[in-house]
Amino acid sequence: MAPRSVADVAIVGAGAGGLSALAHLGAARWRGRVALIDDHAQPLAPRGWAWWSRGDVLLDDDAVCLARVNVAGWGWARELDLAPWSYRALGRDAVKRSARRLAGARIDVVNVTGHATNVGPCEEGGLEVEVKAPGSGRTTVRARWVLDSVGLGTPDATGALSGAHLDFHGWHVQARRATFTPGVLTLMDFRTPQTDGVTFVYVLPRSSTEALVERTAYLMSDGAPPLRHEDALRRYLAEHLACADFLAVDEECGTIPLVVAPAHAAARTVLIGGPAGAVKASTGYAFARIQRHSAALASAFADGSDVSRAPGPRSSRWYAALDRALLTALREDPDGARRILEALLRRASGPQLMRFLDEQAPLTEQLRLFAGLPWWCFVRAHVRAAAGTLDRRRRRGARLQ
């Protein structure tokens, strides 16, 4: 099994983590050879990523930019001005083009098509990535460093609430008449049936007649059958957007694991993206955190410092604890968790909401926001969780007797 490629850096996976790493290496003016390993299991278009920033993220200028957001629930609605923040969205194919442009001539990018199955040390030094190529062939890629966005050879990056995930289904809608407000995003609208758990609708307009309309549900365990969002999407379009005459030209659907703790990688292998803990456990957003991690890694490569010591994308202990508290409430008391989310959206200004979600809000500002939340929902959820744990231990003890 002869090596197909020898590189300075092997990037496993060409999703948000892998493409962002390549883009930031180029922006840092690093020179070298990159082997980009991907099995093309997930086509780049039409899916994409979204984030919020103050214009300081590398790909901000390439993205669709929205300065205002709608939030709503039964009996209430608000439009928030995010300034100085903006909400950004960029398709995967656009991210790929941006990464290639930034890599330019300084980085020799070698595409390796196949499914990476293992990574380990090689006799000549450095690392060797085993790749199962299309068909039955196998090859290897040798590199001094591996940036791994798939968690190759590591345990699943799950935490105390293993199985929690977002289940989403969206339509790219073309309406027959002006329906959407360009420049105004619907971030969370809870005016949709809540029978599947805490569920909201998201609307990302591209023009007055085109938008991504997506329904998302928090699900707190694996093994549940896929949700049928279509009827609820039609109902939302008809009742809340007065849009019964439309064409769904494309769709995107899937799940986002809401992990709590990152996995651990082998020496000279750096986890990036989801396996590194980039997904914020309470919201599912990861792109801006991936950008900050990618920038730190690229800076370390460019100046020759220890890449493994670059600051990772995971939450601080305080914000991780807040995320766990919300996930516990979502599992044990979904109605109470929805009340908490709605209270936060009704209370916060646009900049306050962005700072809090981006984990940059000062503690004094957090305390002011928390003062108006129904904290009894958290208490009730944790009492139920503790009672459930005690009951399971009792049943397990009875079986052992």
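The values are calculated or read from the model by the stated rules, or taken from the named source; none is laboratory data. No experiment lies behind these values; they were computed from the predicted model shown. Note that we place each Cβ from the backbone using ideal geometry, even for glycine, and neighbour counts take in every protein chain shown. Side chains included, ligands, DNA and RNA excluded: accessible areas come from the protein's heavy atoms. Shrake-Rupley method; radii C 1.70, N 1.55, O 1.52, S 1.80 Å.
When the helices of the chain are scored as -39500 (n - 2.57) per DSSP H run of n ≥ 4 and the total is divided over every residue, the value at 222 nm lands at -10000 deg cm²/dmol. Taking GluC sites (Glu not before Pro) as exposed when their DSSP state is a loop state and no more than 16 other Cβ atoms lie within 10 Å, the longest site-free interval of the chain runs over 125-358. Other residues within the sphere of radius under 12 Å centred on the Cβ of Val12, judged by their own Cβ, net out at -4 (K and R +1, D and E -1). Using a probe of 1.4 Å, the accessible surface attributed to Asp245 totals some 90 Å² when neighbouring protein chains are kept in position.
Counted over the stretch 1-133, the DSSP beta bridges are approximately 65% antiparallel.
Here the stretch 232-367 is assigned +1 on the Cβ of each Lys and Arg and -1 on the Cβ of each Asp and Glu. Its dipole about the Cα centre then comes out at about 440 debye.
Treating each Cα of the chain as an identical point scatterer and ignoring solvent, apply the Debye formula and state log10 I(q)/I(0) at q = 0.06, 0.11, 0.13, 0.14 Å⁻¹. Listed by q, the Debye log ratios stand at -0.26, -0.87, -1.16, -1.30. Given a 1.4 Å probe and the protein chains as shown, Lys96 ends up with an accessible area of around 80 Å². Would you work out if the stretch 197-287 is rounded, prolate or oblate? Take a ≥ b ≥ c from the square roots of the eigenvalues of the alpha-carbon gyration tensor; rounded if a/c is under 1.5, else prolate when a/b is larger than b/c, oblate otherwise. Note, shape of the stretch 197-287 comes out prolate.
Based on Cα contacts under 8 Å between residues 6+ apart, the stretch 1-148 shows a relative contact order of 36 percent. Across Met354, Met220, the residue with the most accessible area heads the list, and the full order at a 1.4 Å probe is Met220, Met354. Looking at the chain only, what percent of DSSP beta bridges run antiparallel? Nearest 5 please. Within the chain, antiparallel bridges account for around 70 percent of the total.
Placing Thr181, Thr269 in order of accessible area, with the largest value first and a 1.4 Å probe, yields Thr181, Thr269. Dipole of the chain computed with +1 at Lys/Arg Cβ and -1 at Asp/Glu Cβ about the Cα centre; of Trp51, His382, Leu271, farthest Cα towards the positive end is His382. How much of the accessible area of the chain, probe 1.4 Å, is carbon plus sulfur, in whole percent? Heavy-atom surface of the chain belonging to carbon and sulfur, 1.4 Å probe: 51 percent. Accessible surface comparison of Thr209, Thr186, probe 1.4 Å, protein chains only, largest first: the order is Thr209, Thr186. Look at the alpha carbon pairs under 8 Å that are at least 6 residues apart: their mean separation over the length of the chain gives a relative contact order of 18 percent. For Ala321, neighbours were defined as the other residues whose beta-carbon sits under 14 Å from its Cβ, and their charges (Lys and Arg +1, Asp and Glu -1) total +2. Rounded, prolate or oblate: which one fits the stretch 20-85, using the alpha carbon gyration tensor with axes a ≥ b ≥ c (rounded when a/c is under 1.5, else prolate when a/b beats b/c, else oblate)? Since a/c reaches 1.5 but b/c is at least a/b, the shape of the stretch 20-85 is classed as oblate. What the chain shows is 46 Å² of accessible area per residue, with the surface traced by a 1.4 Å probe over protein heavy atoms.
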